[in-house]
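Worksheet for the structure shown next.
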Amino acid sequence: MTTAYRRAGVDIDAGNRAVELMRAAVRSTYGPEVLAGIGAFGGLYDAARLREVGQPVLVASTDGVGTKTHIAVALGRLEGLGQDIVNHCINDILVQGARPLFFLDYVAMARLDPEAVARIVAGCARACCEAGCALLGGETAEMPGVYAPGEIDLVGTIVGWVDRRRIIDGSTVEAGDVVLGLPSSGLHTNGYSLARQVFANVPWETVFPELGQPLGEVLLEPHRSYLSAIEALWAAGVEVKAMAHITGGGFLENIPRVLPAGMGVRLQAGAWEVPPVFALIRRLGGIDGREMFRVFNMGIGLVLVVPSVQAGRAVEALAGARAIGEVVPWSGSGERVALLSQEEWS
């Protein structure tokens, strides 16, 4: 049936079809804690599972995928976007010691494409299942005149929990502690506006010799979740004093957020191999090395601070982990995050 609302650009039937296409994927994330989910006005989650936690604290975060969606739309590769947003949000609360409970997504576009929405939500569901997290609900918005035709906006909200006695806030960080880095899977979900500008005239199918695969595939590699890695550290008895998720702001903006007053970090830039895509972006864009470390993760998606006596055990427990620096006293002037031996990036 043709309606005035549809002529105005909003198709209610398409929205209903999107819900039906995603229903099975969403329900696959439900455990007995979910009392009401897809189709309800509000998701209901039984918090009784937290009774065994001594002092449960809820931790919440909201974030978006940003302009990575533009590349995914151009290549028709939408499933990875769902993994991107879930894993990004998981990492954001993980740095405070929290594990996820449930997640909600927001998918918006100018004209609703039910199949596209279903593919994105299926990616969300897959990542939620891997993390033991319920995809409790969300919103699919059709907004002609607000979003450009063919473009997608993807945002997520996560709620998790941590025992108050085990909140990680960086307060015990001291000089001499070791800084560890866990490798990223690529750009993750930050810096894409700059990357897209650098590659504006380059087809996504282009294979640069240093990349060895199409550029679009490299840029669409899903954001990595660090939940299982940190759980392995905890299981090994390693004390994690602080964690920083290297997102927008890179090393220079994110690491100081978890350091106590009077402490800084000295990083050895050559302690890890920077993936070739970052060198390519810098070369083609003529970008200053310091700005690269401020915009991108440069191959390190999560930074940890651990006691020096436990650094060896931590590296053994985590495949790919590297000792990349140390905590040092900081006077309040100069760089709080200093990069050493970075001739290539200076």
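The values are calculated or read from the model by the stated rules, or taken from the named source; none is laboratory data. On a predicted model such as this, the values are computed, not experimentally measured, just so you know. Here the Cβ positions follow ideal geometry from the backbone for every residue, glycine too, while neighbour counts run over all protein chains shown.
Applying the criterion of at least 2 residues that are acidic (D, E) to the strands (runs of 3 or more DSSP E) found wholly in segment 129-229 leaves 134-142, 152-163.
Residue pairs whose Cβ atoms lie under 9 Å apart, separated by 6 or more positions or on different chains, with the first residue in segment 147-173 and in contact (Cβ under 8 Å) with a residue 24 or more places away in the chain and on the phi > 0 side of the Ramachandran plot and the second in a strand (DSSP E or B) and crowded, with 16+ Cβ neighbours inside 10 Å, are G150/M109; G170/A242; G170/M243; G170/A244; G170/M263; G170/V305.
In segment 119-154, what residues are more than 20 Å from R23 (Cα to Cα) and among the charged types (D, E, K, R)? Across segment 119-154, the qualifying residues are E151, D153.
F278 passes every criterion in (1) assigned to a strand (DSSP E or B); (2) crowded, with 18+ Cβ neighbours inside 10 Å; (3) not hydroxyl-bearing (S, T, Y) apart from (1). Do we have V306 as modelled with pLDDT of 95 or more, of a type in the set (V, I, T), touching a strand residue (DSSP E or B) at 6+ places or on another chain (Cβ under 7 Å) and in the same structural domain as L194 (by TED's automatic domain parsing) here? Yes. Under the condition of being among the aliphatic types (A, V, I, L, M) and either outside the structural domain of G248 (by TED's automatic domain parsing) or in contact with a strand residue (DSSP E or B) (Cβ under 6 Å, 6 or more places away or on another chain) (or both), the residues counted in segment 189-212 number 1.
Residue count for segment 45-102 satisfying the condition of being charged (D, E, K, R) and not in a helix (DSSP H, G or I): 6.
Checked across segment 284-298, the condition of being touching a strand residue (DSSP E or B) at 6+ places or on another chain (Cβ under 7 Å) and in contact (Cβ under 8 Å) with a residue 40 or more places away in the chain holds for at least one residue.
Of the set (1) assigned to a helix (DSSP H, G or I); (2) in contact with a Lys or Arg (Cβ under 9 Å, 6 or more places away or on another chain), all apply to E326 but (1). Checked against the criterion of being touching a strand residue (DSSP E or B) at 6+ places or on another chain (Cβ under 9 Å), assigned by TED's automatic domain parsing to the domain that holds E316, of a type in the set (A, V, I, L, M, F, W, C) and over 20 Å from V95 (Cα atoms), segment 213-233 has at least one qualifying residue.
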